[in-house]
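The next block holds one structure in the form of structure tokens; read it before the comments.
Computed from the coordinates by the stated procedures, all read-outs in this text should not be read as laboratory data. Just so it is clear, the structure is predicted and the values come from calculations on it, not from any experiment. All Cβ positions, even for glycine, are placed from backbone atoms using ideal geometry, and neighbour counts span all protein chains on display.
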Amino acid sequence: MHSRILAAVAAAAAAVLALTGCAASAAGSGSDPNNPNQLEAFTWWVAGSEKVGLDALVGVFAEQYPGIEFINASVAGGAGSNAKEALAARLGADNPPDTFQAHAGAELTDYIEAGQLQDLSQFYVDNGLTDVFPETLVDRLTVDGKIYSVPSNIHRANVVWANTAVLTAAGIDPATPPANLDAWIADLQKLKDSGVEAPLALGTDWTQLQLFENVLIADLGPEAYSGLWTGSTGWDIRGVKAAVDHYGRLLDFVNTDYSGMEWDAATQLVIDGKSGYNVMGDWAEAAFEQAGLTYGQEYTTFPTPGTAGVFDFLADSFTLPVGAPHEQAAKDWLATISSADGQKAFNLAKGSIPSRTDTVASDYPAYQQTAIASFADDTVVSSLAHGAAASTGWSGAISAAVSKFATDRKAEALSRELLRAYADFQIG
Ligand code: GAL
């Protein structure tokens with residue numbers, strides 16, 4: 001692990017342990033509405049590198065607000081695959097945590113439209129945050145001129161993580177990324193021919209959706225891809241059919257045990273040299289760092305072939321739910337998240353980049369420097385698998401169709417389901 005990250009993580013962990021005793025607790029357990037010195041936070045950062053990131057943030061919170069007990073109500077499952085349901089049950093039962101993690105964009109809009117979040121516009125003014133975040137992010141946090149959450153980070157979802165030794169052994173130059181999906185498929189074939197059984201590591205449903213969204217961006221380009229979410233691009237156009245075809249061809253190169261496999265296990269296949277590539281958001285950077293691999297030597301990254309010049313965006317953003325039992329403590333947490341110190345500690349550990357515009361790129365390791373440059377210079381599009389592009393219902397319908405395709409490979413059925421999902425959720 002990067003030595004600066006190690007030091008930050010160790011300090012954070014010590015502070016967390018000193019101030020909270022044990023961070024983990026079951027949802028709701030230990031939260032006492034009559035004790036103002038508590039904060040119950042809900043995320044899906046429960047294990048591995050994601051937990052290290054959360055601990056770094058909690059460490060800064062403990063320094064900035066000593067005396068507030070941090071109650072960790074998180075629910076495991078990458079991309080919130082289980083957490084969102086558990087959260088919906090709590091919100092439905094009028095038992096909200098004091099703050100919860102959500103994705104900037106359409107997913108956040110779902111909560112806002114359901115009346116579940118408090119307006120934080122005044123909090124932004126009081127804490128001098130109005131100009132601290134980039135416009136492209138603030139746009140995705142705002143509904144009807146009001147802003148309802150505080151972002152902790154920005155992740156990039158169109159990244160290929162590659163094991164350089166595996167590629168080199170198959171005669172592929174890791175420093176020359178394939179120019180497009182067809183060239184990448186040719187390299188995947190080379191890996192297969194050289195004896196690598198699963199050249200492309202894949203995992204559970206949401207990682208399939210993430211791969212499919214990458215292929216959509218590659219085949220449509222950023223403008224037409226973005227139009228899928230606004231209705232200006234039809235789901236019946238040739239580019240979508242080309243994406244379904246490319247996606248099916250990529251599936252010919254994946255591990256057979258992908259079903260139910262969490263992202264970190266899929267990424268681990270690349271770390272261990274069992275696969276050549278994995279398409280994953282840049283939380284994978286933290287996993288490579290933790291495994292002790294060196295960027296540019298043992299592993300490398302490039303934008304998913306066909307998506308160079310595009311930043312597939314998502315951001316985690318924390319909320320103040322209506323009826324939060326510890327409102328002031330939640331505001332303190334949001335203040336930590338938005339502070340320069342909080343963002344630096346968290347993002348160094350998480351692999352993401354700060355959502356603040358006053359980021360100093362040289363404070364970050366090499367991979368994150370590429371992400372900082374890409375976010376500044378490239379065309380930003382919204383991630384489907386991570387709540388930025390489409391409502392939870394819509395992305396769930398697409399995800400179900402994409403997962404079904406992985407087993408039945410019926411391209412026409414997938415195309416039909418994509419059209420139906422659009423009709424059901426965008427128009428109807
Ligand atoms: C994303 C989330 C990231 C990371 C990832 C894997 O949706 O925004 O912070 O946690 O899921 O769980």
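Take the Cα coordinates of the range 138-265, assign each an equal point scatterer, and use the Debye formula without solvent to give log10 I(q)/I(0) at q = 0.09, 0.18, 0.19 Å⁻¹. Debye output, listed in q order: -0.34, -1.10, -1.17.
Pairwise Cα separations in the chain fall into 20 Å bins from 0 onward with the following percentages, short to long: 27, 58, 14, 0.
Residue-normalised convex hull volume from the C-alpha trace of the range 66-190: 211 Å³ per residue.
Averaging Cα coordinates gives a centre for the range 217-238 and one for the range 169-184; these two points are 26 Å apart.
Relative to the current alpha-carbon distance between residue 377 and residue 139, full extension at 0.36 nm per residue lengthens the span by 83.9 nm.
Our helix-only sum for the chain, with -39,500 (n - 2.57) per DSSP H run of n ≥ 4 divided by its residues, gives a mean residue ellipticity at 222 nm of -15000 deg cm²/dmol. Neighbours of residue 158 by Cβ distance under 11 Å: Lys/Arg scored +1, Asp/Glu scored -1, total -3. Could you let me know the centre-to-centre spacing of the range 77-94 and the range 109-135, using Cα atoms, in angstrom? About 21 Å separates the Cα centre of the range 77-94 from the one of the range 109-135. Treating r as the C-beta distance of residue 182 and residue 410 and R0 as 25 Å, the FRET efficiency rounds to 0.65. Remark on residue 69: its backbone amide H falls under 5 Å from those of 38, 39, a criterion applied only to residues 5 or more positions apart or on other chains, H modelled at 1.01 Å from N. Calculate log10 I(q)/I(0) of the range 274-428 for q = 0.09, 0.14 Å⁻¹, where I(q) comes from the Debye formula with a single equal point scatterer on each Cα and nothing for solvent. Scattering profile of the range 274-428, log10 relative to I(0): -0.42, -0.94. A cut-off under 14 angstrom between Cβ atoms defines the neighbours of residue 55, and their net charge, with Lys, Arg +1 and Asp, Glu -1, is 0.
Using a cut-off of 21 Å between Cα atoms, the listed pairs 51/274; 274/410; 274/404; 51/344 include 51/274; 274/410; 274/404 as exceeding that distance.
What share of the DSSP beta bridges in the chain is antiparallel, in percent to the nearest 5? The antiparallel fraction comes to roughly 55 percent. Each Lys or Arg adds one and each Asp or Glu subtracts one; over the other residues with Cβ under 11 Å from the Cβ of residue 321, this totals -3. Working from Cα pairs under 8 Å separated by at least six residues, relative contact order for the chain is 26 percent. The lysines whose alpha-carbon is closer than 19 Å to the alpha-carbon of residue 146, local same-chain residues fewer than 8 away aside, are 331.
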